[in-house]
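Student: Here you go, one structure.
The values are calculated or read from the model by the stated rules, or taken from the named source; none is laboratory data. In this text the structure is predicted, and so the values were computed from the model without any measurement. Please note: Cβ atoms are built from the backbone with ideal geometry, for glycine as well, and neighbour counts cover all protein chains shown. These area figures cover heavy atoms from the full protein model, side chains too; ligands, DNA and RNA do not enter into them. Shrake-Rupley method; radii C 1.70, N 1.55, O 1.52, S 1.80 Å.
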Amino acid sequence: MEEIKVKKRHTIKKSEIARIRNALKDEIGDEETLFTSKSIEVVETTSAFSIYLVEKKPAFMAFEDWIFPTVRGAIEHPFAARRITIDSGAVPYVMNGADIMRPGIVAATPDIKKDRPCIIAEERYGKPLAVGVALYDGTDLLALEKGKAVRTVHRVGDLIWNLEL
């Protein structure tokens, strides 16, 4: 991932907040209410990501054609939707930016959709470690025996996590 610099930061209008909340609801369902705020700011960056601040903290991001919570957002506002749980042996690899391979997955919620974002959490404490894009639907993913299952796009310790605002 290339270096991320802030281009613009501004508060968004109420009509735009409604659009963003609907997009977030499409991804995580009714749990989008966890990210409710009177004021949401958008941080436009030099990367493919736009970061949305709730209470001045990076709560969710826009990437490609979706809006989804950041790892910080998922830690501060835990939700159960779109979750893949990995075993402890896979954690160091994920922390170094590796994609998620099928043998490291111990559980996945059935609402995972191909080419849509999901949270990658570790098995022991259930803490979110990364955001990835699923390469298979939830049931198909669990039926796999080997191979890459999720492409990692954001993780703890990466440039988005360390972005100074």
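Student: Quick one: grab the alpha carbon gyration tensor of the stretch 19-70, order the square roots of its eigenvalues as a ≥ b ≥ c, and give me rounded if a/c is under 1.5, else prolate or oblate depending on whether a/b is larger than b/c. Please list the in-between numbers first.
Tutor: Details: a/c = 2.20, a/b = 1.21, b/c = 1.81.
Oblate shape, in that a/c is at least 1.5 and b/c is the bigger or equal ratio.
Student: Out of the stretch 43-140, which trypsin sites (Lys or Arg not before Pro) are coil in DSSP terms and have no more than 16 other C-beta atoms within 10 Å? Can you show the working numbers first?
Tutor: Values: sites: 56, 72, 82, 83, 113, 114, 124; in loops: 56, 82, 113, 114, 124.
Those satisfying the criteria are 56, 113, 114, 124.
Student: Excluding residues on the same chain fewer than 8 positions from residue 14, give the lysines whose Cα lies under 22 Å from its Cα.
Tutor: Partners found: 25, 38, 56, 57.
Student: Going by amide H atoms built from the backbone, whose H comes under 5 Å of the H on residue 108, apart from near neighbours?
Tutor: 85
Student: Moving on to the next point. In µm²/s, what is D for the chain at 20 °C and 1.002 mPa s, where D = kT/(6 pi eta Rh) by Stokes-Einstein and Rh is the Kirkwood radius from Cα pairs? Walk me through the numbers on the way to the answer.
Tutor: Values: Rh = 16.0 Å.
Calculated translational D: 134 µm²/s.
Student: Something else about it: Setting aside same-chain residues fewer than 8 positions from residue 5, which aspartates and glutamates have a Cα under 13 Å from its Cα?
Tutor: Candidates past the 8-residue exclusion: 44, 164.
Student: Roughly how many percent of the accessible protein surface of the stretch 48-98 is carbon and sulfur, given a 1.4 Å probe and a whole-percent answer? All intermediate terms of the calculation are to be shown ahead of the outcome.
Tutor: Working: 1160 of 2090 Å².
Answer for the stretch 48-98: carbon and sulfur cover 56 percent of the accessible area.
Student: I've got another one for you. Cα gyration tensor of the stretch 1-48, axes a ≥ b ≥ c as square roots of the eigenvalues: rounded (a/c below 1.5), prolate (a/b > b/c) or oblate?
Tutor: Details: a/c = 2.74, a/b = 1.59, b/c = 1.72.
Oblate is the answer for the stretch 1-48, as a/c is 1.5 or above yet b/c matches or exceeds a/b.
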